[in-house]
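Step one of this worksheet: look at the structure below.
The values are calculated or read from the model by the stated rules, or taken from the named source; none is laboratory data. Treat the numbers as computed from the prediction; the structure is a model and nothing was measured. Every residue, glycine among them, receives a Cβ derived from its backbone with ideal geometry; neighbour counts consider all protein chains shown. The protein model used for the area step is the full one, side chains on, heavy atoms only, and it has no ligands, DNA or RNA in it. Shrake-Rupley method; radii C 1.70, N 1.55, O 1.52, S 1.80 Å.
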Amino acid sequence: MSILTEKDNELIAKAQEAIRSNYDGVNFNHTVGAAVRCGSGKIYTGVNVYSLHGACGEQVAIGTAVTQGEREFEAIVAVRGKDGEEIVPPCGNCRQMLFDYMPECEVILMADGEKRKVKAKELLPFAYRVE
């Protein structure tokens, strides 16, 4: 695990902006914001879209980046709460997606009470691989 940089703190702030602007405290359809920084340096954000088969904030951010032609990913983070005060780790589905799309991407999460980065591929040992 590695320590965060100023660019990582900017990424967290972008995820917080995304959920702050879209938080749904009535129906709780949008409670997680995410941001992904691409190899181009651009940052794309997303919020979860809750439904029977909804999409996580990370998935929406990644889909937005891919739609804009991005294929290289440096870092990703997800935050939860009205102001994005809690950094949350990716769920199981997101871990598989990160493994498939960006195994070398750094995931920002909390570890031992500190913000840290870990490679996406390290979050899913014994991952399913299409060969």
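Taking the Cα centre of the chain as origin and assigning +1 to Lys and Arg Cβ atoms and -1 to Asp and Glu Cβ atoms, the resulting dipole is close to 120 debye. Take the solvent-accessible surface of the protein heavy atoms, probe 1.4 Å, and return the percent of it on the chain that carbon and sulfur atoms account for. Carbon and sulfur atoms account for 50 percent of the accessible area of the chain. Rolling a 1.4 Å probe over the protein heavy atoms leaves Lys42 with an accessible area of roughly 120 Å². The loop-placed chymotrypsin sites (Phe, Trp or Tyr not before Pro) in segment 23-129, going by DSSP, that have at most 13 neighbouring Cβ atoms within 10 Å of their Cβ come out as Phe28, Phe126, Tyr128. Using a cutoff of 8 angstrom between alpha carbon atoms and counting only pairs six or more residues apart, the relative contact order for segment 1-77 works out to 28 percent. What the chain shows is 57 Å² of accessible area per residue, with the surface traced by a 1.4 Å probe over protein heavy atoms.
The modelled label-to-label distance for the pair Ser40/Glu86, using points 7 Å beyond Cα in the direction of Cβ, is 3.4 nm. Accessible surface comparison of Leu109, Leu52, probe 1.4 Å, protein chains only, largest first: the order is Leu52, Leu109.
For Asp100, the solvent-accessible surface computed with a 1.4 Å probe is close to 100 Å², ligands and nucleic acids excluded. Normalised size of the chain, defined as Cα radius of gyration per 2.2 N^0.38 Å with N residues, equals 0.98. If you plug the beta carbon distance of Met1 and Thr67 into 1/(1 + (r/R0)^6) with R0 = 30 Å, you get a FRET efficiency near 0.45. Projecting the Cα positions of Ile76, Cys91, Ser51 onto the charge dipole of the chain (unit charges on Cβ atoms of Lys, Arg, Asp and Glu, taken about the Cα centre) puts Ser51 furthest along the positive direction.
Placing a pseudo-label 7 Å from each Cα along the Cα-to-Cβ vector at Asn9 and Leu52 gives an inter-label distance of 4.6 nm.
Here r is the Cβ-Cβ distance between Ser21 and Ala111 and R0 is 25 Å; the resulting FRET efficiency, rounded to 0.05, is 0.35. Projected over all directions and averaged, the alpha-carbon convex hull of segment 31-82 occupies 3.5 nm².
Please work out the ratio of the alpha-carbon Rg of segment 1-72 to 2.2 N^0.38 Å and round it to two decimals.
Values: Rg = 12.8 Å, N = 72, 2.2 N^0.38 = 11.2 Å.
Rounded to two decimals, the normalised Rg is 1.15.
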